[in-house]
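The values are calculated or read from the model by the stated rules, or taken from the named source; none is laboratory data. Please read all numbers here as calculations on a predicted model, not as lab measurements. Neighbour counts are summed over all protein chains in view; Cβ atoms, including those assigned to glycine, are modelled from backbone coordinates with ideal geometry. Note: areas computed on protein heavy atoms with side chains; ligands, DNA, RNA excluded. Shrake-Rupley method; radii C 1.70, N 1.55, O 1.52, S 1.80 Å.
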Amino acid sequence: MPRFNYQKICQDLISDLSPRQKEVILERFGLKGGERKTLEAVSENFGITRERVRQIQNGALEGIKEKAGSYQAIFQAMRKYFQNFGGLRKEETMLQELGENKWQNQVYFLLNLDKQFSRFGATKDFYSLWADSSGSLEKARKIISLLYQKLEELKKPLALKELANFASQNTLTLESCLDVSKKIQKNSEGVFGLKDWPEINPRGVKDRAYLLFKKTQEPLHFTRVAHMLEGSLVQTVHNELIR
């Protein structure tokens, strides 16, 4: 995706707002830096009701959306980005890829200005995500359901290419679907399985010992097991720190 000066674009889009509207938008979307604030937090800061904050925000956004028409290049680039991943992307992943570490709030704000995009909050089965208007979320639900059933049948983790054969999807689209799922997850070796499988999320020494015996397929003295587990735990900590 082309690089844009998100900061400059956002500053221009809000430049014609009234002082009160501008402050509400800056705080709600974190455009001054820091975290995005809830309606409740902004209402307490201004000493007004949440509903009044909502009204000010909605009025400001209507004016901003009209002005955003002059920035079609950035919205077209965002649409193409989503199309490359089958129309949806995990929010955390998308913000990191588009906004890196500096402009994530600006990217979040701009996505709210285009009716082609919708945000879906986290549920018990899905992480927070953004999807375009192509019906991609419903498609992802069906793909994940299909693969969940297939993994239950096979009772073993599979590589992405193996899953792609079952789902008839390219790997880029499929990985984006799996990235939003809490039911199917990827382990440190890059294979996918059900979230409660020890191969995917080992819990404690017992699961790690089980995986070690399964991998080596040979009897091991407990001292060697302890030594090998110690090394794997160090690697796990290293991987988590990198992540």
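Averaging 1/r over each pair of different alpha-carbon atoms in region 27-110 and inverting the result gives 14.5 Å, the Kirkwood hydrodynamic radius. Net charge of the neighbourhood of Glu35, taken over other residues with C-beta under 12 Å away and scored Lys/Arg +1, Asp/Glu -1, is +3. With contacts taken as Cα pairs under 8 Å at a separation of at least 6 residues, region 19-75 carries a relative contact order of 29 percent.
A simple spin-label model places pseudo-atoms 7 Å from Cα toward Cβ; at Asn84 and Arg119 they are separated by 2.3 nm. In the context of the full set of protein chains, region 1-97 has a per residue accessible area of 56 Å² (1.4 Å probe). Each 10 Å bin, from zero up to the one with the longest distance, holds this percent of the alpha carbon pairs of region 56-193: 11, 39, 30, 14, 6, 0. With Cα atoms defining each centre, region 155-197 and region 1-44 are spaced 37 Å apart in the structure. For a straight C-alpha distance cut-off of 21 angstrom, the lysines reachable from Lys80 (same-chain residues fewer than eight places away being disregarded) are Lys65, Lys90, Lys115, Lys139. Sparsely packed loop sites in region 23-66 (the GluC sites (Glu not before Pro) outside DSSP H, G, I, E and B with at most 15 other Cβ atoms within 10 Å) comprise Glu35.
Largest accessible area first, the residues Trp103, Trp197 order themselves as Trp103, Trp197 under a 1.4 Å probe with ligands, DNA and RNA left out.
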